[in-house]
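Novice: A single structure is presented below for examination.
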Amino acid sequence: MSMFGAVGFSLTTKSRHLLLRSLQRKGCAARCISTTPFPEFDDLVDIKTHEDLHKFSLEQPDTFWSRLARSRLTWNKDFSTVSKCDFKTGQLEWFVEGTLNASVNCVDRHLKERGDQVALIWERDEPGTHVYLTYKELSEMVGRIGNLLRNSGVKAGDRVAIYLPKTPMAIATMLACARIGAIHSVVFAGFSADALAGRIQDAEAQTVVTANQTVRGGRIIELKQTVDAAVSKCPGVKQVLVYNRTETKVPMGKLDIDMVEAMAHESPDCPVEERNSEDTLFMLYTSGSTGKPKGITHSTAGYLLYTNVTFKHAFDYNPGEIFGCVADIGWITGHSYALYGPLSNGGTTLLFESTPLYPDPGRYWEMVERLKLDHIYLAPTSLRMLLKAGDEYVKKYDRSSLRKLGCVGEPLNSEAWEWYYNVVGEKRCDIIDTWWQTETGGICISPRPSEPGAEIRPGMPMRPMLGIDLALVDTQGAEVTGEDCEGALCIRRPWPGIARTIHGDHQRYFETYFKPMPGMYYTGDGAHRHKGGYYQITGRMDDVLNVSGHRLGTAEIEDVMDDHIDVAESAVVGFPHEIKGEGIYAYVVLKDTRTLGKKEIETQLRAGIKKRIGNLAQPDMILFTPGLPRTRSGKIMRRILRKVASDKPDELGDISTLSEPEVVDYIVKKHEQLR
Ligand code: ATP
Ligand code: MG
């Protein structure tokens, strides 16, 4: 069992690499002759472009989705009805009466043809060290963990909390849950004991899977201690499986089981639990940017199909390519595009365990060169951070393997877009700015859904994915039609990947997503529809400012400020203003390399805003800060900035998902001085 041991996996990495590259060449040969990304619709002669297929997907959704479901997923039992959905009540069902298993779809069915192909590449925190794991090896791990869980009393429908770093053990545990029909609830292994306890209690999980320690950016993090503290508040927890990620021995209590040792006693063959299409595959808490995190649940068949299809087509993924989604598995991006999308397609996926700045801001690009990644998928926040560090960290490494550069999570401001395109991608790679949410399961808007040569415009995700019917709605609830207009982004009809409920609170689910705009899914984001029908996200609806009766998007003002050479990033929020109704408050982070003084920068920022948007958008207050409060997934926590700007530092609310609380103290103090 040395294979699962503390120092990683005893594999001969060199031979694996050769194997992988030879498979890649084969994959390339295959892709050169395959010209049709959607063989399912080859018989429909009228469908020539993405637009044609998109139209078809909206006009004949049942035909569209059933053909894909039957050809892309492996079923135990075929479904009888494609969809039974009603947005008016929030009751949604897809592929009714079908049965299948997600782990079979992600692993078993690939074994015959690609058992020796690399499934996972674990980019360990330790710089320069990576480990390959083939589908055969992954299958063995999944089987052993599945048996271990089942023999420890975990039954279908039970929730299992997973608090692990992004390692093969985490992926295998998620798939093992799926195999035995248990519902995984991954909690980002950077959350505090309180945040973890809250999530374990909310999910009523009786089993927790964790590691002795983890390493992140070279620092040891005592995961087991955090779990102990959390579990002491969760009397419902019956067992804790502990994976030794490092060599350090940690105290083991009554509930604790040494995972690797226990796995050694289990068989790698684990019987499969047949799941109904609508059985919950997993639950996951949203990042909490806007309030108390919601335990979003996803279905087995609909979710799996949607991630399978969007992964293949948003990124134009071809067999043999290496897909590098660097998001942690604690977020939906890690679920959909590091695990379920790539593995259900028989792909090779990266597990990035480190941080973009460790050991230096060249980490991503050194990894791209060493592992020859074809795709990278990251967050705008890390791009802005890397941009701040300068170009030399990028240019030093060979990035010629890269074909597509993806991003998700926040609006990609134009400076970051240009940098990604020109510097990182050497003007050679498509920028795939994808818009979606934990609740949508997979990508809903993306620039290039498998159409070579289609136009890509900077700064927007552009085109609705297949089956996605977008609408813009104004403040009165009326639909905004035509082009060059703005409104609340809604989705008119159901798609298979949409979340089914909020765990334990269906009412909140209904009220959040279906009540605001009856008959539609309400995203909570605002968007601008440009000429050509292309969508640009303007920010969250809460972030739209109403200054003297004029509606201004915060993203627009931020974009102007971010373009200033000395500005690393900025966040704009509104606050109550006696005269204007709402005032504008800007928080600005400067680059380490800045040459100008703050006064001068402020003058230039104001001039820029005046020129590009108008005087109306002039901030009432500009506060320079060394950093911004963020969620653990890296998103700016605007609700905190809003409270500070509104002189309500005592009402910050749930800050359990905050990554660096010190920043808040700084901002509060500075605000006191300025007012
Ligand atoms: P919570 O719902 O708890 O407040 P959250 O919305 O941050 O948390 P996620 O589901 O991880 O949780 O994030 C989805 C949100 O991220 C979207 O609603 C949108 O605001 C933002 N987002 C995602 N992708 C993009 C994108 N490409 N451009 C602009 N914004 C994006
Ligand atoms: Mg959200």
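The values are calculated or read from the model by the stated rules, or taken from the named source; none is laboratory data. Bear in mind the structure is a predicted one, so any value in this text is a computation, not a measurement. Ideal geometry is used to build each Cβ from the backbone, glycine not excepted, and the neighbour counts take in all protein chains shown. Side chains are part of the model used for accessible areas, which takes the heavy atoms of the whole protein and leaves out ligands, DNA and RNA. Shrake-Rupley method; radii C 1.70, N 1.55, O 1.52, S 1.80 Å.
Novice: Of the conditions (1) within 30 Å of Glu511 (Cα to Cα); (2) acidic (Asp, Glu); (3) open to solvent by 40 Å² or more (accessible area, probe 1.4 Å), Asp469 satisfies every one except a single condition; which number is it?
Specialist: Asp469 satisfies all of (1) within 30 Å of Glu511 (Cα to Cα); (2) acidic (Asp, Glu); (3) open to solvent by 40 Å² or more (accessible area, probe 1.4 Å) except (3).
Novice: Does any residue in the range 276-296 that is away from ligand 2 (no atom under 16 Å from the Cβ) and at pLDDT 95 or above come within less than 8 Å, Cβ to Cβ, of a residue that is open to solvent by 20 Å² or more (accessible area, probe 1.4 Å) and part of a loop (DSSP other than H, G, I, E, B) six or more places away or on a different chain, and which pairs are these?
Specialist: Between residues of the range 276-296 that are away from ligand 2 (no atom under 16 Å from the Cβ) and at pLDDT 95 or above and residues that are open to solvent by 20 Å² or more (accessible area, probe 1.4 Å) and part of a loop (DSSP other than H, G, I, E, B), the close pairs are Asn276/Glu97; Ser277/Glu97; Glu278/Arg500; Asp279/Ala156; Asp279/Gly157; Thr280/Gly157; Thr280/Arg500.
Novice: Could you tell me which residue of the range 344-358 is surrounded by the fewest Cβ atoms within 10 Å (Cβ to Cβ), considering only residues that are within 17 Å of Val131 (Cα to Cα) and of a type in the set (A, V, I, L, M)?
Specialist: Ranking the qualifying residues of the range 344-358, first place goes to Leu350.
Novice: If you don't mind, there's one more thing I want to ask. Out of (1) of a type outside the set (Phe, Trp, Tyr); (2) assigned to a loop (DSSP other than H, G, I, E, B); (3) open to solvent by 10 Å² or more (accessible area, probe 1.4 Å), what's the single condition that is false for Glu415?
Specialist: Of (1) of a type outside the set (Phe, Trp, Tyr); (2) assigned to a loop (DSSP other than H, G, I, E, B); (3) open to solvent by 10 Å² or more (accessible area, probe 1.4 Å), only one is false for Glu415: (2).
Novice: Regarding Val242, is this residue in contact (Cβ under 8 Å) with a residue 12 or more places away in the chain, within 29 Å of the chain's Cα centre (by Cα) and closer than 27 Å to Asp125 by Cα?
Specialist: Values: in contact (Cβ under 8 Å) with a residue 12 or more places away in the chain: yes; within 29 Å of the chain's Cα centre (by Cα): yes; closer than 27 Å to Asp125 by Cα: yes.
Yes: the conditions hold for Val242.
Novice: Could I ask something else about it? Hey, among the residues in the range 428-438 that are open to solvent by less than 20 Å² (accessible area, probe 1.4 Å) and in a loop (DSSP other than H, G, I, E, B), which one's nearest to ligand 2 (Cβ to nearest atom)?
Specialist: Thr434
Novice: I'd like to check something: does the range 244-260 contain any residue that is within 16 Å of ligand 2 (Cβ to nearest atom) and open to solvent by 10 Å² or more (accessible area, probe 1.4 Å)?
Specialist: no
Novice: Let me ask another. Look through His530, His503, His564 and report the one residue that is surrounded by fewer than 18 Cβ atoms within 10 Å (Cβ to Cβ) and either touching an Asp or Glu at 6+ places or on another chain (Cβ under 9 Å) or touching a residue at least 12 places away in the same chain (Cβ under 8 Å) (or both).
Specialist: His530
Novice: Are any of the residues in the range 314-330 modelled with pLDDT of 95 or more, open to solvent by 10 Å² or more (accessible area, probe 1.4 Å), assigned to a helix (DSSP H, G or I) and touching a helix residue (DSSP H, G or I) at 6+ places or on another chain (Cβ under 9 Å)?
Specialist: no
Residue-wise test of (1) away from ligand 1 (no atom under 16 Å from the Cβ); (2) part of a loop (DSSP other than H, G, I, E, B); (3) open to solvent by less than 10 Å² (accessible area, probe 1.4 Å); (4) in contact with a strand residue (DSSP E or B) (Cβ under 9 Å, 6 or more places away or on another chain).
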{"residue": "Asn422", "(1), (2), (3), (4)": "yes, no, no, no"}
{"residue": "Glu426", "(1), (2), (3), (4)": "yes, yes, no, no"}
{"residue": "Gly442", "(1), (2), (3), (4)": "no, yes, yes, no"}
{"residue": "Pro452", "(1), (2), (3), (4)": "yes, yes, no, no"}
{"residue": "Glu455", "(1), (2), (3), (4)": "yes, yes, no, yes"}
{"residue": "Gly459", "(1), (2), (3), (4)": "no, yes, no, yes"}
{"residue": "Gln476", "(1), (2), (3), (4)": "yes, yes, no, no"}
{"residue": "Glu486", "(1), (2), (3), (4)": "no, no, no, yes"}
{"residue": "Arg493", "(1), (2), (3), (4)": "yes, yes, no, yes"}
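Novice: Then there's this: Looking only at residues that are in a strand (DSSP E or B), within 12 Å of ligand 1 (Cβ to nearest atom) and in contact with a Lys or Arg (Cβ under 9 Å, 6 or more places away or on another chain) in the range 252-297, which one is nearest to Glu97 (Cα to Cα)?
Specialist: Only one residue fits best here, namely Ile296.
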